[in-house]
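Student: To start, I am sharing the structure in question, which I have written as structure tokens.
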Amino acid sequence: MPQLLLELFSEEIPARMQAQAAKDLERMARERLAAAGFLPEGLTAIAGPRRLTLVAEGLPIAQPERHEELKGPKVGAPPQAMEGFLRKAGLTQDQLTERDGVYYAHIHKAGRQTTEIVAEMVEEIVRGFPWPKSMTWGYGKLRWVRPLKRILCVFDREIVPFSIDGIESSDLSEGHRFMGSGERVFRARDFDEYRQGLLAHHAVLDPEERKSRILEGAKTLCFARNLELVEDQGLLEEVAGLAEWPTPILGDMDPAFLALPPEVIRTSMRTHQKYFAVRDPATGKLAPHFLVVANIQAPDGGAEIARGNAKVLSSRLSDARFFWDEDVKVGFDAWLKKLDGVTFHAKLGAMAERVERIVALAREIAPLVGADVEKTAQAARLAKADLTSEMVGEFPELQGIMGGYYAREFKLDGEIADAVRDHYKPQGPGDSVPTAPVSIAVALADKLDTLVGFFAIDEKPTGSKDPFALRRAALGVIRIITENGLRLPLSGFATKTPDLVAFFADRLKVALRDQGKRHDLVDAVFALGDDDLVRIVSRVEALDAFLKTDDGANLLAGYKRAANILKAEEKKGALPQGDATSLAGAPAEESALLAAVERARPVVDSALSSEDFAAAMQALAQLRAPVDAFFEKVLVNDTDVAVRDNRLRLLSQVKTTTEKVADFSLIAG
């Protein structure tokens, strides 16, 4: 079936917008084609530095004819109702049919040509495209991310004719802006011609192919010089969106700059110049080279490009060295004084006030994690100081990291320097957590102060909005505690914000769900009122393993049956209190369940007190067979009141014994 090819060619599209633009183009086209009754066999959108491309496979030449029956007003309805219906149907009353006292309109719609529908679709997409930022140019009113220059639109190898603000559709595209000795414009009537034409004119369409070219070319250059590329996926994504004909070039820099912290060098390269760093594989340290991705294949192999970029990088790193030199002349005391003038939040005071809160909290946490209290307090006091340094002013992403370097430069204790460096950790799921006691205490104090403070002023996350990154802070606390096996009751740090504990529970569900654990199991364990994260995780893991066994699944079913019976009986009046007893003449199944419960209770209690949750689950597993047999053979609601009450007490014992481990009523199944 015919193919639709659309290209919207413009000036450079910012790299950060390209991926979403491709998704938006595909979505908008799919919605409009579906509204016309078209379901393409394939629909693909591709974004690049100067073009958005759409390919739709398997569209018909035209819509099929359609017949619709519209139900109208009843016979004898008010004239206004009839007039409105006739306007909607586009008919006169004598063209209506009557059935069962109701008027009906039969409308025949001839199928429209696909080219007409596509022309309308493209104009709607262009005029309504959701760019985060857009602009107008010239004398027109058309808005696009950058000036729109050309629209290629062909269907079934023929041009789809239309015009948008003077831009006429055509079958022409354009290759690389500079490369090639001939005409940059070429003709394309289908996707294969289009893709081949772009390659022939030095433009790689597929972003994945551009990334592959960059990575493979960069590694080849490094290998030839016995170097190793420092891979950076985020930077790779960005530079692939900047170059249509990406060409890696290896350049040299002054080795003297390697005296700067490697994070400074890499950040300067990445942020300002979009360069990749390289390292010596023998030492693992940065090498005095860089890798730039050019958008042309230079006749001299890129030598002049490398020299020019080396000069620019030298200037940038000279600035960084100046910032370092100025900072080491000043030091922590001067930076701390400046924090008085830095507002953390209007309702939470200056950064200096926040530092004092973090110090107090860190002192409280230190003995709980085995950290030296005075070292912890000193590290907490210095942790935010580098925010007012020259280097962090230029490179905000280096906050904390530079504080650690400056602490070592000023000969401070290594534990203190590490704690200053690591107190923001973990900053994401791929980041490591602090493991040294002083670092743990300061990192926890920093995050807990943020959480407690913003919850206290009712600045909690709502829906998808989390302007103060509180979800990330909570996940950071959870990871630090659980990965280090720390026994810290969270409620002790949230006495004025009780809903913060529930927030931690919600974040813990997210963390465990990412590990494949069920959120209802977290609810079942949290319902016990425990706020020791290590113990909670251990319970959840043991409960998860138990419920995957036949004993666990069947005991859960038995528990729910017992709970439902007790709930129904409670509506009739108070349940009988106390433990069940062995009644004369009781069925063997009843006596067996009573004996099993009495054996299980002390074992469960002992296992829970020693936090051997697997043993507690194993003890509960012994109840499975007696519970099954009891429900199969014993009638709870016996006509003898004493027998009935005794059996209800027995079910209550089963329920309370099981609930020592978790609230099974919250478990699905």
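The values are calculated or read from the model by the stated rules, or taken from the named source; none is laboratory data. Please read all numbers here as calculations on a predicted model, not as lab measurements. Cβ placement follows ideal geometry from the backbone for every residue including glycine, while neighbour counts extend to all protein chains displayed.
Student: Output the residue which, of all residues in segment 284-335 that are hydroxyl-bearing (Ser, Thr, Tyr) and under 23 Å from Val239 (Cα atoms), is surrounded by the most Cβ atoms within 10 Å (Cβ to Cβ).
Tutor: Ser314
Student: Considering (1) in contact with a Lys or Arg (Cβ under 7 Å, 6 or more places away or on another chain); (2) not in a helix (DSSP H, G or I), say which one Leu339 fails and leave the rest.
Tutor: Against the list (1) in contact with a Lys or Arg (Cβ under 7 Å, 6 or more places away or on another chain); (2) not in a helix (DSSP H, G or I), Leu339 comes up short only on (2).
Student: Oh, and also: For segment 515-522, does any single residue satisfy the condition of being in contact (Cβ under 8 Å) with a residue 60 or more places away in the chain and part of a helix (DSSP H, G or I)?
Tutor: Here is the first cut: in segment 515-522, the ones in contact (Cβ under 8 Å) with a residue 60 or more places away in the chain are 518, 520-521.
If we keep only those that are part of a helix (DSSP H, G or I) too, we end up with 520-521.
Among the residues of segment 515-522, at least one is in contact (Cβ under 8 Å) with a residue 60 or more places away in the chain and part of a helix (DSSP H, G or I), which makes the answer yes.
Student: The conditions are (1) over 30 Å from Leu648 (Cβ atoms); (2) surrounded by 14 or more Cβ atoms within 10 Å (Cβ to Cβ), and Gln515 fails exactly one of them. Which is it?
Tutor: (2)
Student: Among the residues of segment 551-577 satisfying the criterion of being without any contact (Cβ under 8 Å) to a residue 12 or more places away in the chain and assigned to a helix (DSSP H, G or I), which is nearest to Leu521 (Cα to Cα)?
Tutor: That would be Asn564.
Student: Show the residue pairs that are 6+ apart or on different chains and have beta-carbon atoms under 7 Å apart, the first residue being within segment 483-503 and closer than 24 Å to Gly370 by Cα and assigned to a strand (DSSP E or B), the second being at pLDDT 80 or above and not β-branched (Val, Ile, Thr).
Tutor: Listed pairs, sorted by first residue: Pro489/Asp531; Pro489/Asp532.
Student: Of the residues Glu611, Glu659, only one is on the phi > 0 side of the Ramachandran plot and within 40 Å of the chain's Cα centre (by Cα); which?
Tutor: Answer to the selection: Glu611.
Student: Does segment 489-505 hold any residues that are exposed (fewer than 14 other Cβ atoms within 10 Å of the Cβ) and more than 11 Å from Phe455 (Cα to Cα), and which are they?
Tutor: Within segment 489-505, Gly492, Thr495, Ala502 meet the criteria.
Student: Next question. What are the residues in segment 72-93 that are surrounded by fewer than 11 Cβ atoms within 10 Å (Cβ to Cβ), modelled with pLDDT of 80 or more and either in contact with a His (Cβ under 8 Å, 6 or more places away or on another chain) or not polar (S, T, N, Q) (or both), if any? Quick ask: steps written out before the conclusion?
Tutor: Start the filter on segment 72-93 by keeping residues that are surrounded by fewer than 11 Cβ atoms within 10 Å (Cβ to Cβ), which leaves 76, 78-80, 87, 90, 92.
Retained after the next criterion (residues that are modelled with pLDDT of 80 or more): 76, 78-80, 87, 92.
Result: Gly76, Pro78, Pro79, Arg87.
Student: For segment 357-455, list the helices (runs of 4 or more DSSP H) that sit wholly inside it and hold at least 1 residues that are under 21 Å from Arg321 (Cα atoms) and at pLDDT 95 or above; which are they?
Tutor: Those helices (runs of 4 or more DSSP H) span 390-394, 401-409, 414-422.
Student: Output the number of the condition that Gly138 fails; it satisfies all remaining conditions of (1) closer than 29 Å to His201 by Cα; (2) surrounded by 13 or more Cβ atoms within 10 Å (Cβ to Cβ); (3) without any contact (Cβ under 8 Å) to a residue 12 or more places away in the chain.
Tutor: Going through (1) closer than 29 Å to His201 by Cα; (2) surrounded by 13 or more Cβ atoms within 10 Å (Cβ to Cβ); (3) without any contact (Cβ under 8 Å) to a residue 12 or more places away in the chain one by one, Gly138 breaks only (2).
Student: Checking the conditions here, which among Leu221, Leu250 is touching a helix residue (DSSP H, G or I) at 6+ places or on another chain (Cβ under 7 Å) and of a type in the set (A, V, I, L, M)? Even if it seems obvious, please write down each step before you answer.
Tutor: Working: Leu221 fails: touching a helix residue (DSSP H, G or I) at 6+ places or on another chain (Cβ under 7 Å).
Matching residue, one of Leu221, Leu250: Leu250.
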